[in-house]
1. How large is the charge dipole for the chain, taken about the Cα centre, if only the Cβ atoms of Lys, Arg (+1) and Asp, Glu (-1) carry charge, to the nearest 20 debye?
2. Would you mind telling me the share, in percent, of accessible area of the chain contributed by carbon and sulfur at probe 1.4 angstrom?
3. How much net charge surrounds Thr86 when only the other residues with a Cβ under 13 Å from the Cβ of Thr86 are counted, with Lys and Arg +1 and Asp and Glu -1?
4. Tell me the Kirkwood radius of the chain: reciprocal of the mean inverse pair distance over distinct alpha-carbon atoms, in Å.
5. Using only Cα atoms, what is the ratio of the radius of gyration of region 86-130 to 2.2 N^0.38 Å?
6. What is the chain's relative contact order, in percent, from Cα pairs under 8 angstrom and six or more apart in sequence?
7. Give the lysines reachable from Lys87 as a straight Cα distance under 24 Å; neighbours fewer than 8 places away on the same chain don't count.
8. Can you work out the accessible area per residue across the chain, with the rest of the protein chains kept in place, probe 1.4 Å, in square angstrom?
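The values are calculated or read from the model by the stated rules, or taken from the named source; none is laboratory data. Just so it is clear, the structure is predicted and the values come from calculations on it, not from any experiment. Backbone-built Cβ (ideal geometry, glycine too); neighbour counts: all protein chains shown. Heavy atoms of the whole protein, side chains included, go into the accessibility calculation; ligands, DNA and RNA do not. Shrake-Rupley method; radii C 1.70, N 1.55, O 1.52, S 1.80 Å.
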Amino acid sequence: FTDCEFNDNYIGLEADTKVNHLTVRGGVVLRNSYRGIFGVAPTMNDWLISGVKILDNTAYGVLLNGTGHFFVLASNTIGNDTTTATKYGISTQSSSLTDVSVVNNYARGLTGGLSLGDDASTRINTGNKT
């Protein structure tokens, strides 16, 4: 998905079945009433989310809660623009997620920040700004 809009839905973009090789580059994920980007698949591998504005989504901008490896979340703007809906910009809630890179993201207006529960021994977490 390049320069797409996922706005004003229940979930902006959801992967709840096997999803490999997902790329979301540019565009916006805005004002979704449950989640912005939600990965809950039992098998998820090789994801790139880059340069996306992920704003004003309820509770989570990006929530990864499945099993898999090789996730890159880079150079995104995540948080709140006109609301206080988004608590966590990026949340990884499973130690079964490996090789997660959270790099050069800009988070604003969050009460929870980043909540990283993936396999920390394989994670890169650098250059993120609040």
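1. Working: 9 positive and 11 negative charges, 55 e Å.
In total the dipole reaches around 260 debye.
2. Working: 2880 of 6000 Å².
Of the solvent-accessible surface of the chain, carbon and sulfur hold 48 percent.
3. Neighbour charge sum, excluding Thr86 itself: +3.
4. Details: mean 1/r = 0.0719 Å⁻¹.
For the chain, the Kirkwood estimate is 13.9 Å.
5. Working: Rg = 10.4 Å, N = 45, 2.2 N^0.38 = 9.3 Å.
With N residues counted in region 86-130, Rg over 2.2 N^0.38 Å equals 1.12.
6. On the way: 436 pairs, mean separation 24.5, N = 130.
Relative contact order comes out at 19 percent.
7. Counting by Cα, and skipping residues close in sequence, Lys87 has these lysines nearby: Lys53, Lys129.
8. Numbers: 6000 Å² over 130 residues.
Per-residue value: 46 Å².
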